[in-house]
Amino acid sequence: MHGRPRKALEPADAAALSAKAEKLRLLQSQFLANHHNRIYTEEALEISARLLEINPESYTAWNYRKLAVEHRVCQSDSNPDTIKSIFDEELKVVESALRQNFKSYGAWHHRKWVLSKGYSSIDNELHLLDRFQKADPRNFHAWNYRRFVCALMTRSDEDELNYTKQMIGTNFSNYSAWHNRSVLLSNLMKREVEGYFPKEKVLEEEYNLVQDALFTDPDDQSGWFYHLWLIDQTVKSDAPMLVSSWPFPGSHIVIQGNKCLPACGSSILDPSLLDTGIVPVILCFNQAVEGINSSTVAVKSELGIVEDLIWKPLSINSLNTAQVWVIYINIRNMKFQLSKSYLIEISIGYSEGIVSSSGYHYGHPSQISFNLRVETAFTEPADKESGKMISWEDDNFQKIEHFQEADFILSDRIITGNDYIPAVSNWCADTIGNEINEFRVLLSESDCKIGKLTLARLLTAYDSISSAHAKGMLHTEEILELYADLLKLDPTHSPYYKDERSLVLLRQVTSTRESLLRYCHHYRNSTETHDGYVCPRLRNLSLSQMGSVESLLWVQMLDLSHNELRSTEGLEGMQLLSCLNLGHNKIGSFTALGPLRLLKSLKVLNISYNEIGSRSVDTTRYLCSSPLLHTEEFDWDLFESLSGDINIPNIWEAFLVFKSLNLKQLDITGNAVADDDRIRSFLVKLLPTLKWLDGEELP
């Protein structure tokens, strides 16, 4: 079992084990000979049965028996009794193997295969399961098989729900029973079965049930996981909802040539964004959805630009599902009447088709309208136009002291998403509030780390449903203290606690105009001023994960330096982002920068003083979702033409990440990979638009 130290075997035990191994080797040899020669005689089947009785994990033996069954059925002349006896024999072999190891994947899978053929009776299967579940009530193999059998028997979810309650009553520490209960209740509530709708009454009874388990034994984790599921059911909306967008409803975009001008209620875009001649339109939902297309999202305008627009999911994997979706309006090809405002209307969800990953349909039709006005014609940027290098030194940033200085960007409408806030029922807030009170009492009696984690989750949930009506997050300080305690009590899980703490802190920072203003600065260098070019400087916050992107869609310049970020996941939704500082973080590879490939407007990137190239194995792909999967299209011809004979670690990852970017400025100083001049030379060839590398202007 896990955590038990191994001890040297006694001589008698070692001899017995050696004899068993010799017997197993002999059976294995005989079995493989039969398998290779396709011998399916009674004697051959007996050898495979004895092998499986000793070693139920022999997947080859189970597959051999499937082939043998198919062979014998073909030889049976379709006699029903003969066929039934063949399959019944397989059930006996499985049962014998399960007595040896009732957690054998191969044995349970083979039993499913036998029953799925439809020749065997399922009447005795629940009795068999009862025997195994008495031996180990938490055996998830048996519970999984039980769901399979119940589906074959068309046994009602209500009957199975009662069974889970019996098992939980026998032993609170039955994680599998709690899990099965959550699966059954989800189905019943989704189908709105009588007695399980509305869900408020059902969840209230479940809270009472799980509290009995938690207060009886606070250190047992089974009930806590079920309680987390209940919180999720209480707070989350089943149907997906739009939570933010850019442009936001009622906004104005004013363009003069390659620049956007400030005007009353206008959204100001940095000129570099328009070098590509595109303006993104971004939709952000509360959960990942699919089905965003011209049928489900209608775009209307006098400009005649809507026919060829294609919505794209901003996702780092290959699935056509994402929380953030975007279209790109190409303004260079438009025929504007100068100084005239053009209304663009986007209608979302007025026809069916937008579906969440859990199968719920979008149920909150909404509309976004904004104005686009061009003062002077768009011109192509000069090829040799270099501008000035962006400097991230403190002297180049001026703190915004008054709301008027950021009136165009920092509106409450952007920060809180007032146009998208759904109504929250009093029951929801009251239920979470009652749970908070209960667990404060529990923690006053028991210093339980999972109790602290649950209280932090409850407080976070309460703030998320009340922040729409009360300015700011009410319990941030208490939540952060709980995570600080957990980092000391349970350092093994510190990465998880740091990520959760980061999400809470970012939610607090972006919750109101006032809170975000404390971190916002104007960027100004020695020769230029960019009035309205607002840069949130989220530095030195110990952030290990990015979040609250729905409140930052408007950001064009972002400083995340001096944190603990290991991934850039989430930043792909910030489609206006032109300048990004990730210096002095813990990014361990180019792979972790994968989401940045989706940022069409990114021109300036600082990844200095990270850990790129310092590890022999890139652990990023195992710790988080990796965009650099085997499904990635790799342009070998281009790669070989650029790399030549260079054969160094990290070069192919650099190629995959940077090939789709149009960077003008890049800083990789302070990374182990930067010590190799060959990687610098490769990046210069890979990025033809690059003008500055590591603070030096390129010739």
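The values are calculated or read from the model by the stated rules, or taken from the named source; none is laboratory data. Computed from a predicted structure; not experimentally measured. Note that we place each Cβ from the backbone using ideal geometry, even for glycine, and neighbour counts take in every protein chain shown. When the accessible area is computed, the model is the full protein with side chains, heavy atoms only, and any ligands, DNA or RNA have been set aside. Shrake-Rupley method; radii C 1.70, N 1.55, O 1.52, S 1.80 Å.
A few points about this structure:
- Counted residues, the stretch 113-167 - those being aromatic (Phe, Trp, Tyr) and in contact (Cβ under 8 Å) with a residue 40 or more places away in the chain: 1
- Here the strands (runs of 3 or more DSSP E) wholly within the stretch 287-366 that include at least 3 residues being under 26 Å from SER548 (Cα atoms) and open to solvent by less than 30 Å² (accessible area, probe 1.4 Å) are 322-330, 341-348.
- Scanning the stretch 566-584 for residues that are part of a loop (DSSP other than H, G, I, E, B), open to solvent by 10 Å² or more (accessible area, probe 1.4 Å) and under 9 Å from PRO595 (Cβ atoms) turns up SER567, GLU569, GLY570.
- Of all residues in the stretch 221-232 being surrounded by fewer than 18 Cβ atoms within 10 Å (Cβ to Cβ) and over 18 Å from the mean Cα position of the chain (by Cα), the one that is modelled with the highest pLDDT: PHE225
- Residue identified as open to solvent by 10 Å² or more (accessible area, probe 1.4 Å) and either under 30 Å from ALA288 (Cβ atoms) or not in a loop (DSSP other than H, G, I, E, B) (or both) among SER542, SER561: SER542
- Of the residues LYS112, LYS134, the single one that is within 39 Å of the chain's Cα centre (by Cα), open to solvent by 80 Å² or more (accessible area, probe 1.4 Å) and closer than 25 Å to ALA177 by Cα is LYS134.
- Sub-7 Å Cβ pairs linking a first residue in the stretch 357-376 that is over 15 Å from VAL243 (Cα atoms) and among the polar types (S, T, N, Q) to a second residue that is part of a loop (DSSP other than H, G, I, E, B) and open to solvent by less than 60 Å² (accessible area, probe 1.4 Å), at least 6 apart or interchain, are SER357/THR321; SER369/PRO249; SER369/GLY250; THR376/GLY257, ordered by first then second residue.
- The listed residue being touching a His at 6+ places or on another chain (Cβ under 9 Å) and open to solvent by 50 Å² or more (accessible area, probe 1.4 Å), out of ARG38, ARG99: ARG38
- Residues located in the stretch 28-46, provided they are closer than 20 Å to VAL73 by Cβ and in a helix (DSSP H, G or I): ASN34, HIS35, GLU42, GLU43, ALA44, LEU45, GLU46
- All conditions in (1) open to solvent by 30 Å² or more (accessible area, probe 1.4 Å); (2) closer than 20 Å to LEU582 by Cα hold for ASP676, with the sole exception of (2).
- Residues of the stretch 187-209 classified as free of Cβ contacts under 8 Å to residues at least 24 places away in the same chain and either hydroxyl-bearing (Ser, Thr, Tyr) or closer than 26 Å to HIS141 by Cβ (or both), total: 1
- Per-region count, the stretch 488-503, residues part of a helix (DSSP H, G or I) and over 23 Å from the mean Cα position of the chain (by Cα): 3
- Qualifying residue in the stretch 199-210 (condition: more than 26 Å from GLU438 (Cα to Cα), modelled with pLDDT under 95 and open to solvent by 70 Å² or more (accessible area, probe 1.4 Å)): no
- Within the stretch 330-352, residues that are closer than 16 Å to LEU242 by Cβ have Cβ atoms under 7 Å from residues that are not in a strand (DSSP E or B) in these pairs: ILE348/PRO365; GLY349/THR296; GLY349/TYR362; GLY349/HIS364; GLY349/PRO365; TYR350/PRO365; SER351/SER295; SER351/THR296, counting only partners at least 6 apart in sequence or on another chain.
- Contact map, the stretch 66-82: residues that are farther than 17 Å from LYS112 by Cα and of a type outside the set (S, T, N, Q) paired with residues that are open to solvent by less than 50 Å² (accessible area, probe 1.4 Å) and assigned to a helix (DSSP H, G or I), Cβ distance under 8 Å, separation 6+ or inter-chain. Pairs shown: ARG72/ILE86; VAL73/ILE83; VAL73/ILE86.
- No other residue among TYR105, TYR64 is under 22 Å from PHE31 (Cα atoms) and open to solvent by 40 Å² or more (accessible area, probe 1.4 Å) apart from TYR105.
- Total residues in the stretch 210-232, condition within 23 Å of GLY359 (Cβ to Cβ) and free of Cβ contacts under 8 Å to residues at least 60 places away in the same chain: 5
- Pick from the stretch 152-195, criterion among the basic types (Lys, Arg) and under 31 Å from the mean Cα position of the chain (by Cα), ranking: surrounded by the fewest Cβ atoms within 10 Å (Cβ to Cβ): ARG191
- Neighbours by Cβ (under 8 Å, 6+ apart or cross-chain): first from the stretch 438-453, assigned to a helix (DSSP H, G or I); second of a type in the set (Gly, Ala, Ser) and surrounded by 16 or more Cβ atoms within 10 Å (Cβ to Cβ): PHE439/GLY451; LEU442/GLY451; LEU443/GLY451
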